[in-house]
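Structure, as structure tokens:
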Amino acid sequence: KNSYFVDKASLTTCDGENTPWKVTGRNLRVTLEGYGFVDHAALWARKMPLLYTPFLVFPAKQKRQSGLLPPQIGYSKRKWEEYNQPFYWAIDESSDATFYLYHMGRRGDKVAVEYRYVLDNDSKGTLMYDFLKDRKVDDGTQHFEETGVLQSSKEWGYRSDSVLRPNTDRYWFRWKHDQAMPFGFSAKLDIDIISDHDYLHEFKHGYTGFKETSDYYTYNFGRDLEEYDDSTRVNSLNINKIWSQYSLNAELRWYDDVINRRQADMDTTLQTLPLVEFNASRQQIYKTPFYTDFDSEYTYTYSKDGNRLHRMDLHPRFYLPYNFGNYFTFEPSFGIRETLWYVDDYSNEIVKKHKTLNRQIYDIKLDLFTEIYEIYYINGKNLDKIKHSIKPQIIYDYTPEQDQEEYPDSIAKNNLVTYSITNTFTSKSKKNTEQKNGVVDEENDEPVSYSYSQFCRFLLEQKYDVGEARDDNPEPFSPVYAELEFSPAKYLSLEGDAKWCQYENSLISHNVAVALSDYRGDRLFVEHRYARDSSRSIYYNINLRILDSLEVFGEYERNLYAGRDIRTNIGFLYKSQCWSIRCFYEDEKENDRSYGFVVSLYGLGEIGTQLLGRHVEGVPGLSSGHME
């Protein structure tokens, strides 16, 4: 009863008789929760056949099934022809795995495995491993033969570093795991180990590439990876518990400096084995007017060829807030910090001669602020009121100067006054809705709901260093810092910040970003960044819907300080009722250029290709999809 037979079958998701695409075949036999068989299967574009196979077998099951997934196909100068074929294994209802065979004509075959599992609602994990026996190395001999200088080659190295890569065994192991534990504790494991500093440059994209892996972990675990160009990878095991007013955090953290590991004779990287933190949030001391919070930390820092020491830090803080009617609030606070060390080994002889050390230091903070506001009654069709709030604030921080030469670390002296003023504008809008708990509009006898939106925030801030004012050539005032967030309309937003130096009468830095959109889906984003004598760049991102079925997009980033382009990307997307095509050109000056297109047949999958560069979204070949 679950088997069906069709003599002449035709499949499409398009409307009408003369469809843009269809799949045809003869003697179609399908068994639900089994397999389908069809003879002389063909994919047509209008009346033109594109693909043909005399016999085709396909799964007809709603549950996950093991089998081949769509491959990725490409070509690049570094790798030549590329073919990455994944195989999916549905192990059971709570775990599965994908195996990859990645052939590169110039580099060899890379194998990879990805294993995913779910233990319960709060416990899951994903581990991935890639391995390549590389035919090419960057040992400097090629450049030495050409110039007589031993350094990284242009062909197998990267401009961003000059470190050699002589190894042929290349690998990347990463694993993230979340685990629910008894008594409300939870654990998180993060592993990230690479064979060499160039690996993630080489395999930035693709099924098991850096970007796809980082995006996957961020989406599923809320934790991303270190940037691809960071040669120090962080590995950690974290156990924590959070109460209503307390938190406990214990962690083992290992910094894997791959350059140091492979090429240095000594490893002085400081590891944290372990870090334990116990903190108490601010709370009242019985029924007194005093409040307190508490931070504590224990660490054991370990280095294979360097410093090794225990460190404990205790920092309680006491507050006495006082409200002077509705005029202002004054909140003095006093903190005591006690730090203890037990030294196993240390490079500084002054520190090393003491086995145990301790330091006491105090700090004082005075916080004075008030808030005044005015409510403007607009009584518009949707906009009801606007609240303008002004919050001036003065904060004084003091930490005394203390001789700390004998200690492994030091706390800087502080004698600083920070004054600021913050303006915020909040709108209250009303509209007739059928939402529950709404306020009744007596005129129309309909419920009214309100929405609140802070559409503008403007901050001005400056610091005054009391200690600096006592120097011979004082410049106690810090640059004036300004920050603006402004969203005057639904489809318009502006964000910016700047620093201005009064002594030089000039801007030190500024960042400005504008986002503009409309109800059709048109979007424009422009960002300009500037830091004096350091950097200046501009970035554009635009998406224009020319027709309901056609939109064009572009992206451009330029380093104005160095006078060179960073990234260019242009293309278009055409959408029909049952298919779409996306074409693009992308140029990253530090890496490859790429040209590509993706054709998507709704309900069937995607067909795409790319030349001279990275892979496109939408894998070449027919990707898995549901049949309609």
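Among the residues of the stretch 169-184, write down those that are surrounded by 14 or more Cβ atoms within 10 Å (Cβ to Cβ) and over 20 Å from the mean Cα position of the chain (by Cα). Working first, answer last.
First, the residues of the stretch 169-184 that are surrounded by 14 or more Cβ atoms within 10 Å (Cβ to Cβ): 170-180.
Result: ARG170, TYR171, GLN179, ALA180.
Within the stretch 325-425, considering only strands (runs of 3 or more DSSP E) that don't extend past its boundaries, which have at least 2 residues that are under 30 Å from THR301 (Cβ atoms)? If you could, list the steps in order and put the result at the bottom.
Details: elements: 328-345, 356-369, 372-377, 383-399.
Here the list reads 328-345, 356-369, 383-399.
Tell me, please, whether a residue that is out of contact with any Ser or Thr (no Cβ under 6 Å at 6 or more places or on another chain) and exposed (fewer than 15 other Cβ atoms within 10 Å of the Cβ) can be found in the stretch 185-203. Full working, then the answer.
Residues of the stretch 185-203 that are out of contact with any Ser or Thr (no Cβ under 6 Å at 6 or more places or on another chain), as a first pass: 185-189, 191-196, 198-203.
When the remaining residues are screened for being exposed (fewer than 15 other Cβ atoms within 10 Å of the Cβ), the result is 185.
Yes; the residues of the stretch 185-203 include at least one that is out of contact with any Ser or Thr (no Cβ under 6 Å at 6 or more places or on another chain) and exposed (fewer than 15 other Cβ atoms within 10 Å of the Cβ).
Counting just the residues of the stretch 303-332 that are among the small types (Gly, Ala, Ser) and surrounded by 14 or more Cβ atoms within 10 Å (Cβ to Cβ), which one comes out farthest from GLN271 (Cα to Cα)? Step through it out loud before you land on a result.
Start the filter on the stretch 303-332 by keeping residues that are among the small types (Gly, Ala, Ser), which leaves 303, 306, 325.
Keeping just the survivors that are surrounded by 14 or more Cβ atoms within 10 Å (Cβ to Cβ) gives 303, 306.
On the way: SER303: 6, GLY306: 10 Å.
Checked the stretch 303-332; the qualifying residue farthest from GLN271 (Cα to Cα) is GLY306.
Among the residues of the stretch 491-500, write down those that are surrounded by 16 or more Cβ atoms within 10 Å (Cβ to Cβ) and of a type outside the set (D, E, K, R).
SER493, GLY496, ALA498, TRP500
With the requirement that a residue be at pLDDT 75 or above and farther than 26 Å from LEU225 by Cα, what does the stretch 117-164 give you?
Once the filter is applied, which keeps residues that are at pLDDT 75 or above and farther than 26 Å from LEU225 by Cα, the stretch 117-164 yields ARG135, LYS136, ASP139.
Mind checking which pairs have a first residue in the stretch 397-419 that is under 21 Å from VAL480 (Cα atoms) and a second that is among the charged types (D, E, K, R) and assigned to a strand (DSSP E or B), Cβ under 6 Å, 6 or more apart or different chains?
Listed pairs, sorted by first residue: ASP397/LYS365; ASN414/ASP397; LEU416/ASP397; LEU416/LYS463; LEU416/ASP465; THR418/LYS463.
Identify, please: which residue in the stretch 362-393 is among the aromatic types (Phe, Trp, Tyr) and exposed (fewer than 15 other Cβ atoms within 10 Å of the Cβ) and is, among those, nearest to TYR327 (Cα to Cα)?
TYR373
Give all pairs with beta carbons closer than 6 Å in which a residue from the stretch 102-120 that is within 25 Å of GLN179 (Cα to Cα) meets a residue that is of a type outside the set (Val, Ile, Thr) and surrounded by fewer than 16 Cβ atoms within 10 Å (Cβ to Cβ); count only pairs at least 6 apart in sequence or on separate chains.
What qualifies is VAL113/PHE99; TYR117/SER95; VAL118/SER94.
Please indicate, with yes or no, whether at least one residue in the stretch 552-563 is over 24 Å from LEU460 (Cβ atoms), of a type in the set (Asp, Glu), under 27 Å from the mean Cα position of the chain (by Cα) and not assigned by TED's automatic domain parsing to the domain that holds TYR585. Break it down stepwise before answering.
The first filter runs over the stretch 552-563 and keeps only residues over 24 Å from LEU460 (Cβ atoms), leaving 552-563.
Going one step further and asking which of them are of a type in the set (Asp, Glu), we end up with 555, 557.
Going one step further and asking which of them are under 27 Å from the mean Cα position of the chain (by Cα), we end up with 555, 557.
Among the residues that remain, those that are also not assigned by TED's automatic domain parsing to the domain that holds TYR585 are: 555, 557.
The answer is yes, given that some residue of the stretch 552-563 is over 24 Å from LEU460 (Cβ atoms), of a type in the set (Asp, Glu), under 27 Å from the mean Cα position of the chain (by Cα) and not assigned by TED's automatic domain parsing to the domain that holds TYR585.
I'd like to check which strands (runs of 3 or more DSSP E) are fully inside the stretch 540-628 and have at least 1 residues that are of a type in the set (Asp, Glu), at pLDDT below 80 and surrounded by 15 or more Cβ atoms within 10 Å (Cβ to Cβ). So that I can check it myself, show each step before the final result.
Working: elements: 550-559, 564-575, 579-588, 593-601, 605-611.
Correct list: 579-588, 605-611.
Being among the hydroxyl-bearing types (Ser, Thr, Tyr) and in contact (Cβ under 8 Å) with a residue 40 or more places away in the chain narrows it down to one residue among TYR464, TYR452; which is it? Full working, then the answer.
Working: TYR452 fails: in contact (Cβ under 8 Å) with a residue 40 or more places away in the chain.
Of TYR464, TYR452, the one residue that is among the hydroxyl-bearing types (Ser, Thr, Tyr) and in contact (Cβ under 8 Å) with a residue 40 or more places away in the chain is TYR464.
How about the stretch 67-88: which of its residues are over 17 Å from ALA112 (Cα atoms), modelled with pLDDT of 80 or more and not in a loop (DSSP other than H, G, I, E, B)?
The answer is TRP80, GLU81.
What are the residues in the stretch 505-531 that are exposed (fewer than 15 other Cβ atoms within 10 Å of the Cβ) and part of a loop (DSSP other than H, G, I, E, B), if any?
Within the stretch 505-531, ASN505, ASP518, TYR519, ARG520, GLY521 meet the criteria.
State whether one or more residues within the stretch 333-345 are free of Cβ contacts under 8 Å to residues at least 40 places away in the same chain, surrounded by fewer than 16 Cβ atoms within 10 Å (Cβ to Cβ) and within 30 Å of ILE421 (Cα to Cα).
yes
Residue-by-condition table, conditions (1) more than 17 Å from GLU331 (Cα to Cα); (2) of a type outside the set (A, V, I, L, M, F, W, C):
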residue	(1), (2)
GLN360	yes, yes
ILE364	no, no
TYR373	yes, yes
LYS385	yes, yes
LYS391	no, yes
ASP397	no, yes
PRO400	yes, yes
PRO408	yes, yes
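When the stretch 165-207 is examined, which residues are found to be touching a strand residue (DSSP E or B) at 6+ places or on another chain (Cβ under 9 Å), touching a residue at least 40 places away in the same chain (Cβ under 8 Å) and part of a loop (DSSP other than H, G, I, E, B)?
MET181, PHE185, SER195, ASP196, HIS197, ASP198, PHE203, GLY206, TYR207
Please work out if ASP230 is in contact (Cβ under 8 Å) with a residue 60 or more places away in the chain and outside any helix (DSSP H, G or I).
So ASP230 does not fit the description; no.
In the stretch 246-305, how many residues are within 22 Å of LEU189 (Cβ to Cβ) and not small (Gly, Ala, Ser)? I'd like the intermediate steps shown before the answer.
Just the residues of the stretch 246-305 that are within 22 Å of LEU189 (Cβ to Cβ), to begin with: 247-258, 261, 269-278, 297-302.
From the residues that got through so far, the ones that are not small (Gly, Ala, Ser) too are 248-249, 251-258, 261, 269-278, 297-302.
Of the residues in that region, 27 qualify.
Among the candidates PHE131, PHE55, PHE99, single out the residue that is touching a Pro at 6+ places or on another chain (Cβ under 8 Å) and among the aromatic types (Phe, Trp, Tyr).
Values: PHE131 fails: touching a Pro at 6+ places or on another chain (Cβ under 8 Å); PHE55 fails: touching a Pro at 6+ places or on another chain (Cβ under 8 Å).
Going through PHE131, PHE55, PHE99 in turn, the sole match is PHE99.
Matching residues to (1) over 29 Å from SER576 (Cα atoms); (2) surrounded by 12 or more Cβ atoms within 10 Å (Cβ to Cβ):
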{"site": "SER3", "(1), (2)": "yes, no"}
{"site": "THR24", "(1), (2)": "no, yes"}
{"site": "LEU28", "(1), (2)": "no, yes"}
{"site": "THR31", "(1), (2)": "yes, yes"}
{"site": "ALA42", "(1), (2)": "no, yes"}
{"site": "LEU51", "(1), (2)": "no, yes"}
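Restricting to the stretch 1-43, and then to whatever is free of Cβ contacts under 8 Å to residues at least 40 places away in the same chain and outside any strand (DSSP E or B), can you tell me which residue is nearest to LYS63 (Cα to Cα)? Lay out the reasoning, then the answer.
First pass over the stretch 1-43, keeping only residues free of Cβ contacts under 8 Å to residues at least 40 places away in the same chain: 1-10, 16-18, 22, 24-43.
Still in the running and outside any strand (DSSP E or B): 1-2, 16-18, 32-33.
Values: LYS1: 19, ASN2: 16, GLY16: 32, GLU17: 33, ASN18: 34, LEU32: 11, GLU33: 8 Å.
Filtering first and then ranking leaves GLU33.
The values are calculated or read from the model by the stated rules, or taken from the named source; none is laboratory data. Quick caveat: nothing in here was measured; it's all calculated off a predicted structure. Cβ coordinates were reconstructed from backbone atoms using ideal geometry, including for glycine residues, and neighbour counts include every protein chain displayed.
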